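Written out below as structure tokens is the structure these notes cover.
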Amino acid sequence: MLIIPTLGLLAILLFFVNHQAGQDSVDRWLEMEGLDRLGDFDDDSYYKAYVQKYSELGFDKPDFYFSVAPSNYPKTLNEIANPEERKELKESLCLGYTTEEFEKQRHLEVFERHPPHNSWHAPSFRWHGVDNQFHQWIMTVVRFDFGDSVLDGRSSVKKLWEALPWTLSLVIFSIILTTLIAVPFGIWLSGIKSAQKRNLIKLCSFLVYSIPVFWLATLAVMFMTNSTYGEFLHIFPSVGVRFRESEMSTWAYVFSNIDRLLLPVICMAIHYMAFAVVQVESTINRQLSEHYIQTLRMKGINERSIRWKYAFRNGLIPILTMIISGIPSALGGSVIIEVIFNLPGIGRLLFSSINAADWNVISLVVFMIALISIIVYFVGDLIYTWINPKVRFSKTEI
Amino acid sequence: MNRLITSFFLFLFIVSLGCKTDKKVSAHDLPIKIRLKADPQKINPMVYPVSTAREIYQYIFLSLADFHPDDLSLTPILIEALPKGERITEGKYAGGTKFSMRFLDAAKWSDGTDITAADYLFTVKTANNTSVNAAGWRTYLKEISDVVLYPDDPKKFDVILANDYMVALETVTTINPYPKHIYDPNGVMDSWTLEELKDSDKVSERLKVDSSILAFAKEFNSAKFSRDVVVGSGPYVLDQWEADQYLILKRQENFWGDAYPNNPFLQAFPSSLQFSVVPDEATALTLLKSGELDLVPGMSSSSFDALRKEDESEGDYRFLTPQLIRYYYIGLNNRTAQLSDKNVRKALAYLVDVERIIETLELGIGTRTIGHFNPAKNYYHPTLKPVEHDVTKAKQLLDNSGWKDTNDNGIRDKMIEGVLYELDFDILVSASKLGQRVSLIFQESAKEAGINIELVQKEFRLIRSENIAKRDYDMATLVSTSDAAPVDPYDKWHTDNDVIGKRNETGFGTTESDEIIENLRAETNLDQRNIYYHKLQEIMYDEQPVIFLYCPKEKMALRSSFNGKSSSNRPGYLANTFEYAPVQEFSEN
């Protein structure tokens, strides 16, 4: 039940971050149409185009359903398209002028203007109804239609659906690989009797964990995807993806490039694997110090069975938590891998959208990552109840 | 332990699945593979005229004329010849100028239909439809008053301008016409005249009864006409496009331009142009080395130099460095008390070691410039020499102008109208590493002469909108980019534009320079116009309104099995001219 309020709050946050971003969105749109504020066009032409675009994009509407402002403020300052004029008016309003007084004196320099005697105005509540920017935006979110991409005019949702399979493939395969290697390795590590040996292996794990992913990925690309440094190193295919054969669905296209996903998956997995090994080892050791393990030993059950059948099963919840929490982190961390390996996933989509200030796509991608994270944690909770029937949702949680 | 060994072999097995499965590139494959830094997003020159898109659409949408890669001369492509401007002496447009042109008989769209004058008229009308996202084109074409068709010759037409101006010929000939029958199959724009479209009152009036142009504009702006339907007159057609991954342009079969093999814009040597979107430069270079790319343009100086050194003995690549029509400069606000002094500005010019900047930051790949006009242009001043780095001369100028350190704080100062001014400046720099490094070198040198410069980092867009536009700055590291058309200095250097919101951001201008600019703009004789250009450069050289640094060069690596043209015109190369050829001597433009 907390999913909806969480997503709602996220939506509000995204709207206001978008709104307060340091760039003028109208300038950005016009720049893409070839009209630059300081380009080869005179101010009048630019201003006309600016006002038209400002209105088209709905920026002349109030920000939210209501506003609280001193009574000398107009209904909304957004009606003034020119940002300079808007700023000047706001400064005057702060000094206590009304809009009419500002209009009469605006031709004067600031120091020539006469402030009114009574320059304090009580705050007043203004209701704007549903004709506001936030309402328009939230309706698009509810319909899961985040608008068109500012860059290419295509639906943001369509762009996301094309990119998602790549990232999901990367994340799922890296989590599977991590689990397949880290879990047995961690259990094996916990069985090493020599503390020195165990600590040495853990130290190696920490060293691997501390290697930055971007550096590892760059080295892997440089050395292992071409023969420049020796044919023997050219183990993996080139980066990027192959051309698509006609009539191929997106998932079929992803799987036709499965070989090209292997090295990025390994780079992503290695980093998390190093961390996971130590966590698994520590979890198993904690279990092995429990009383029931001593009972099992006294019963004559062999050590391997104790580790795999009893300690592992009882330590599954923290291990599962670690694996599940790796998914959202891998989603966010896919940006670097996708840029370096030239994969068209949501990480790279986010990267290019941020560079281009394409807020519709940025909002959608952030929203989607949050949604996936929430779903993943929810599924994790369900799995806990299945693994350990003693775990139940309390009434307060539901 | 057994499980561990099993897991290890399982891992090796998985790895072996990923072993290189790439096909070797056959020597007889004729496509050329080119790196793109970013996806072009839209292929529609009117709606999205940005450089990343131009790199693609220049092969699909030809213009009537374009600037030849060898000498930047305006060269006809779709038309029989460049028109001469004729003065109109009578009639509705008396006092204006007419350009008469005719499309080549052979010129066709990629679907085989003829290119006609009606297509040109449609293009101009569409640009003037205020609901079409073509603010740039609309302003660029605002001087076109009318396009007159000839009923007995569908290929012939006249373009009427109410006022002639110096780049009128370039304006009317360098636009990319659109096929009317594809982009407006219902003939919506036919019922509107150009005069109506340019009159906002008439448009508002008519929209009350006929809103069809709104629907037309919505469709024209949409992804349909930017991605799905892309029809032009060029040698290549869009074959495949995976967003953010690659684009393939396929050579047209039986292309009409094959009849003009000497026109570089109509050549089509590669069977296809395969553009791969590779944002990361290190990845792009790896792909170049592995054979997945043939051309990597826009390289950084360090990568270019490293690859060049690496390739010295191999000879696998050609290294192209066409001159870009761009220059870097340090903008100075001539309106401040300190920088209004010409000697201070000249002293600052002497303090910038531009040679050292080119050597260290561009690894020697760059050309000094003495002013606003590119050295590649034929009106660049032939005798003026770039300002040399000379701290002694700088100090002398400052001493002569009365700037001395009277308060012993290491910074020169001077009393002006009762107020003590110090040579203490903030220089605005963006996140660009080049700008930051230039400023650091400048700062170091300026200190020797008793000038203090502090770096202030800010996002470039904000520098322009909050500081430059409002004239609220001392100095800023900036870049000026133009194209191959003759430069009109009016916007940037005439005192008419020395107001907030207009483009004379430095405050430069004298009566003499204003007069020269006005004469230059009105002059139709090219030789006389060049004389005006030279005079203006002499004044700017003397005034040093900004510190002109250098013109960068494009840096590209091309596989040596290809041979073709590079160009000063963006993007710096013409991929359609790249011919598969054995390694031989290659002369750059």
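The values are calculated or read from the model by the stated rules, or taken from the named source; none is laboratory data. Note that the coordinates shown come from a computational prediction; the quantities given were computed from them, not determined experimentally. Because the Cβ atoms are built from the backbone with ideal geometry, glycine has one as well, and the counts that use them run over all protein chains shown. All accessible areas refer to the heavy atoms of the entire protein, side chains included, with ligands and DNA or RNA removed. Shrake-Rupley method; radii C 1.70, N 1.55, O 1.52, S 1.80 Å.
Observations on the structure shown:
- FRET efficiency estimate (nearest 0.05) - Cβ-Cβ, B:E312 to A:F232, R0 25 angstrom: 0.50
- Cα convex hull of the stretch B:453-501 - mean projected area over all directions, nm²: 4.4
- The value of relative contact order for chain A, using C-alpha pairs under 8 Å at least six residues apart, is 18 percent.
- Summed over both chains, the contact between A and B buries some 5400 Å² of accessible surface at a probe radius of 1.4 Å.
- Kirkwood Rh and Cα Rg combined as Rg/Rh, the protein assembly as shown: 1.00
- Here the Karplus relation 6.51 cos²θ - 1.76 cosθ + 1.60, evaluated at θ = phi - 60°, turns the backbone of the stretch B:341-354 into coupling constants of 7, 4, 5, 5, 5, 5, 4, 4, 4, 5, 7, 8, 8, 5 Hz, with x for every Gly and Pro.
- Loop-located trypsin sites (Lys or Arg not before Pro) in the stretch B:425-514 (DSSP state other than H, G, I, E, B) with a sparse environment of at most 13 neighbouring Cβ atoms within 10 Å: B:K470.
- Taking GluC sites (Glu not before Pro) across the stretch B:357-436, the ones in a DSSP loop with at most 15 further Cβ atoms lying within 10 angstrom of their Cβ are B:E388, B:E417.
- The coefficient of translational diffusion for the stretch B:402-537, derived via Stokes-Einstein from the alpha carbon Kirkwood radius under 20 °C and 1.002 mPa s, stands at 122 µm²/s.
- Taking only protein heavy atoms and a 1.4 Å probe, the accessible area of chain B is 49% carbon and sulfur.
- With Cα atoms as the point set, the stretch A:176-308 shows a radius of gyration and Dmax of 20.4, 65 Å.
- Across peptide B:284-291, the average count of Cβ atoms from other chains found within 10 Å of a residue's Cβ is 6.
- Phi to ³J(HN,Hα) by Karplus 6.51 cos²θ - 1.76 cosθ + 1.60 over the stretch B:438-445, Hz, x for Gly, Pro: 4, 5, 5, 5, 5, 4, 4, 6
- Rounded Å value of the spacing that divides the Cα centres of the stretch B:299-361 and the stretch A:264-279: 44
- For chain B, the relative contact order is 18 percent, taking Cα pairs closer than 8 Å that sit 6 or more residues apart in sequence and dividing their mean separation by the residue count.
- For the stretch B:127-192, the Stokes-Einstein estimate of translational diffusion at 25 °C and a viscosity of 0.890 mPa s comes to 182 µm²/s, using the Kirkwood hydrodynamic radius over alpha-carbon pairs.
- The stretch B:20-131, Rg to Rh (Cα coordinates; Rh as Kirkwood inverse mean 1/r): 1.09
- Peptide A:49-55 shows a mean partner chain C-beta count of 2 within 10 Å per residue C-beta.
- Kirkwood hydrodynamic radius of chain A, from inverse mean 1/r over distinct Cα pairs, in Å: 26.1
- By the compact-protein rule of thumb, 2.2 N^0.38 Å, the alpha-carbon radius of gyration of the stretch B:478-557 corresponds to a ratio of 1.19.
- Taken over the C-alpha atoms, chain B has Rg and Dmax values of 27.4, 100 angstrom.
- Computed Kirkwood radius, in angstrom, where 1/r is averaged over Cα pairs of the stretch A:165-227: 14.1
- Rg and Dmax, both from the Cα atoms of the stretch B:300-377 and both in Å, are 17.3, 58.
- A:W29 exposes around 60 Å² of accessible area when a 1.4 Å probe is run over every protein chain in place.
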